Amino acid sequence: MAKICDLNGKKPEIIYPIFWEYKVIFDSLSDEKSIIKECVGDREYKFQSSHTSKNAKFRSFNLSVLVNNNTERLELFTLLKKHSKFVL
């Protein structure tokens with residue numbers, strides 16, 4: 001039996017500041033380190049390789065960034081989306 005998270009239509013409460021986790025996927029030709037530094041700016045972050053696709057066309061990374069509020073978290077997501085193939 002699967003467990004379902006029922007929030008009764010409410011958004012989850014996020015207590016800031018928090019290290020927010022992103023999964024970022026780049027094509028193999030991207031300079032992911034420069035892109036991440038440009039996007040996160042002077043925020044504290046951790047960035048590590050996660051997976052390379054079977055044909056090495058894509059690489060995924062785990063990115064954990066200290067964000068201070070919801071606006072900052074969503075702005076960072078939008079920035080990452082502009083420079084990568086996918087962001088989760």
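Within segment 43-65, track down each residue that is within 11 Å of the chain's Cα centre (by Cα) and either open to solvent by 80 Å² or more (accessible area, probe 1.4 Å) or over 16 Å from D31 (Cα atoms) (or both). Steps first, please.
Let us first name the residues in segment 43-65 that are within 11 Å of the chain's Cα centre (by Cα), namely 45-47, 60-65.
Listed by number, the residues that qualify are Y45, K46, S64, V65.
Which members of segment 21-55 meet the condition of being within 14 Å of K85 (Cβ to Cβ) and among the small types (G, A, S)?
Hits for segment 21-55 are S28, S30, S50, S53.
Out of curiosity, is K37 out of contact with any Lys or Arg (no Cβ under 9 Å at 6 or more places or on another chain), open to solvent by 50 Å² or more (accessible area, probe 1.4 Å) and assigned to a helix (DSSP H, G or I)?
yes
Against the conditions (1) assigned to a helix (DSSP H, G or I); (2) in contact (Cβ under 8 Å) with a residue 24 or more places away in the chain; (3) over 11 Å from the mean Cα position of the chain (by Cα), where does K82 fall short? Just the number, please.
Status for K82: all satisfied but (2).
Name the residue, out of Y22, Y16, that is assigned to a strand (DSSP E or B), open to solvent by less than 80 Å² (accessible area, probe 1.4 Å) and among the aromatic types (F, W, Y).
Working: Y16 fails: assigned to a strand (DSSP E or B).
Unique residue meeting the criteria: Y22.
The values are calculated or read from the model by the stated rules, or taken from the named source; none is laboratory data. Quantities reported herein were computed from a predicted structural model and do not represent experimental measurements. Glycine also receives a Cβ, built like all others from the backbone with ideal geometry; neighbour counts cover every protein chain displayed. Please note that ligands, DNA and RNA were not included when accessible areas were found on the heavy atoms of the full protein model with its side chains. Shrake-Rupley method; radii C 1.70, N 1.55, O 1.52, S 1.80 Å.
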